[in-house]
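Everything on this sheet refers to the single structure shown next.
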Amino acid sequence: MTDTKKKLMLCSSPLIKKSAKKLKFTCDLIRGLTVQNAILKLKFSKKKESNDIIKTISSAISNAENNYGYKDISMLKISQIIVNQKRKLKRILIKGRGRTGKMNKKYSIIKIGLDYIENKV
């Protein structure tokens, strides 16, 4: 009996100064794609958040090469990508006539899970 348990290679990014709502739209574009197709799709995307996602994917690729020993990155697939809101910095926004408002500076975190494809079709 062979052990067919697959290892999911996880990588998370530090705090990204973008809101989770904006990052989720961009992450939905690449969920389920191979790593090379995902990076290519993000490079031609007009969203500013794509650069932060590309950095996280390249970090996940280097983790797969160094920690797990996978040399062929064309066989890696993005199996899960999770975006969560981390924290908010609350600031005061000064308005006219002595009024004030509230400004929330939002931070997010990205977690990417890579999976190794055994037989690429």
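So for the stretch 1-11 (the condition being in a strand (DSSP E or B) and either under 24 Å from N119 (Cβ atoms) or basic (K, R) (or both)), does at least one residue qualify?
yes
Which pairs do you get when a residue that is in contact (Cβ under 8 Å) with a residue 12 or more places away in the chain and on the phi > 0 side of the Ramachandran plot, found in the stretch 24-42, comes within reach of a residue that is surrounded by 13 or more Cβ atoms within 10 Å (Cβ to Cβ) and hydrophobic (A, V, I, L, M, F, W, C), reach meaning Cβ atoms under 7 angstrom, with the pair 6+ apart or on two chains?
Once the first residue is in contact (Cβ under 8 Å) with a residue 12 or more places away in the chain and on the phi > 0 side of the Ramachandran plot and sits in the stretch 24-42, its partners that are surrounded by 13 or more Cβ atoms within 10 Å (Cβ to Cβ) and hydrophobic (A, V, I, L, M, F, W, C) give G32/I78.
Which ones in the stretch 31-90 are within 11 Å of the chain's Cα centre (by Cα), of a type in the set (S, T, N, Q) and in a helix (DSSP H, G or I)?
Correct list: S50, N51, T56, S58, S59.
Given the structure, is I16 over 13 Å from D115 (Cα atoms) and out of contact with any Gly (no Cβ under 6 Å at 6 or more places or on another chain)? Let's see the steps before the verdict.
Values: over 13 Å from D115 (Cα atoms): yes; out of contact with any Gly (no Cβ under 6 Å at 6 or more places or on another chain): yes.
Here the answer is yes, as I16 does meet what is asked.
List pairs: first in the stretch 75-100 and touching a residue at least 12 places away in the same chain (Cβ under 8 Å), second part of a strand (DSSP E or B) and exposed (fewer than 13 other Cβ atoms within 10 Å of the Cβ), Cβ under 7 Å, 6+ apart or cross-chain?
Going by the 7 Å Cβ cut-off, the qualifying pairs are K88/N104; K88/K105; L89/K105; K90/K102; K90/N104; R91/M103; R91/K105.
Here are T26, T56: which of them is surrounded by 15 or more Cβ atoms within 10 Å (Cβ to Cβ) and in contact with a helix residue (DSSP H, G or I) (Cβ under 8 Å, 6 or more places away or on another chain)?
Details: T56 fails: in contact with a helix residue (DSSP H, G or I) (Cβ under 8 Å, 6 or more places away or on another chain).
That would be T26, the only listed residue that is surrounded by 15 or more Cβ atoms within 10 Å (Cβ to Cβ) and in contact with a helix residue (DSSP H, G or I) (Cβ under 8 Å, 6 or more places away or on another chain).
Read-outs: derived from the displayed coordinates by stated rules, not from any lab. Values in this document were obtained by computation on a predicted structure and should not be read as measured data. Virtual Cβ from ideal backbone geometry, glycine too; neighbours counted across all protein chains shown.
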